[in-house]
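Notes to accompany the following structure.
Every number in this text was worked out from the coordinates using simple rules, so none of it is lab data. All figures in this text were calculated on a predicted structure; none of them were measured in a lab.
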Amino acid sequence: MYFKILRLILSFFDFFNKKKILFFFKNKNKIEFSLFIDVGAHHGETINFFKKKLNIKNILAFEPSLPNYQKLLKKTKNIKNLKIYNIGLGEKKEVLDFKQHIESSSSTIIKINDQSKYFKRKNRYLDFFDRKKKFSIIKVNIDRLDNILSELKIKKIDVLKIDTEGYDFNVMKGLGDYIKIVKYIYFEHHFHNMLVKDYTLSDVNSFLISNNFTKVFKTKMYFRKTFEYIYFNKSYKED
């Protein structure tokens with residue numbers, strides 16, 4: 001019960017962050033999307049929220065965790081023109097270990113620093129008496145996003161949303177030349193030391209700038225050392 005209440009509290013505050021993102025897109029007079037891609041779709045929170053508020057014609061969703069994927073299917077079963085893949089995205093086609101956390105939205109591919117203060121504090125809140133195993137390891141399939149976009153013959157992407165708990169840069173690099181057809185990249189970056197990343201926000205920023213993107217939005221998530229960013233492709237051309 002305690003865990004469910006805590007999850008509801010976090011979801012409540014995350015709702016306000018999503019409203020900020022929504023306001024950004026509406027303020028840009030961009031309330032109609034031909035294609036929205038959700039990488040790390042979890043249980044469909046972003047899909048359900050934006051589908052109700054914006055005119056999104058087509059959605060591609062990616063979720064590597066089978067337990068999360070099964071819930072995603074159930075929670076988005078009434079959404080039309082949605083294609084869901086039970087795979088993760090990265091820099092190459094491979095099979096990796098996925099750490100499925102007791103709080104499923106914190107699950108990740110990358111290494112966890114279980115000695116970090118952030119990890120210990122977070123799990124103390126989630127499981128005060130330390131009764132549960134925090135992670136289970138499952139195998140997941142990874143592919144490059146450009147492989148899938150090529151197969152589907154995708155020509156334009158309005159929004160690429162990435163929420164992969166520290167694997168976001170790997171997803172971006174897996175776009176290859178297809179990064180040119182993306183108008184907005186919307187992603188999270190974690191500044192705590194629980195996730196052992198091999199890159200920094202500066203690396204992501206330099207990569208995006210080199211591909212002619214510019215930062216147009218930033219907001220801090222409540223109760224977390226995590227920010228959300230939106231970058232705009234200055235070379236993107238409307239039809």
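Once you order the gyration tensor axes a ≥ b ≥ c over the Cα atoms, which shape class does segment 129-202 get: rounded for a/c under 1.5, otherwise prolate or oblate by comparing a/b with b/c? Prolate is the answer for segment 129-202, as a/c is 1.5 or above and a/b outweighs b/c. Amide H contacts of residue 56 (H built 1.01 Å from N, in plane; Pro and chain starts excluded): 33 sit under 5 Å, all sequence-distant by 5 or more or on other chains.
On full extension, the segment bounded by residue 150 and residue 95 gains 17.7 nm, given 0.36 nm per residue less the C-alpha separation.
Under the Kirkwood approximation applied to all pairs of distinct alpha-carbon atoms, what is the hydrodynamic radius of segment 28-83 in Å?
Working: mean 1/r = 0.0877 Å⁻¹.
Result for segment 28-83, one decimal place: 11.4 Å.
The equivalent ellipsoid of segment 160-214 has semi-axes of 20, 11, 10 Å, largest first, where each one is the square root of 5 times an eigenvalue of the Cα gyration tensor.
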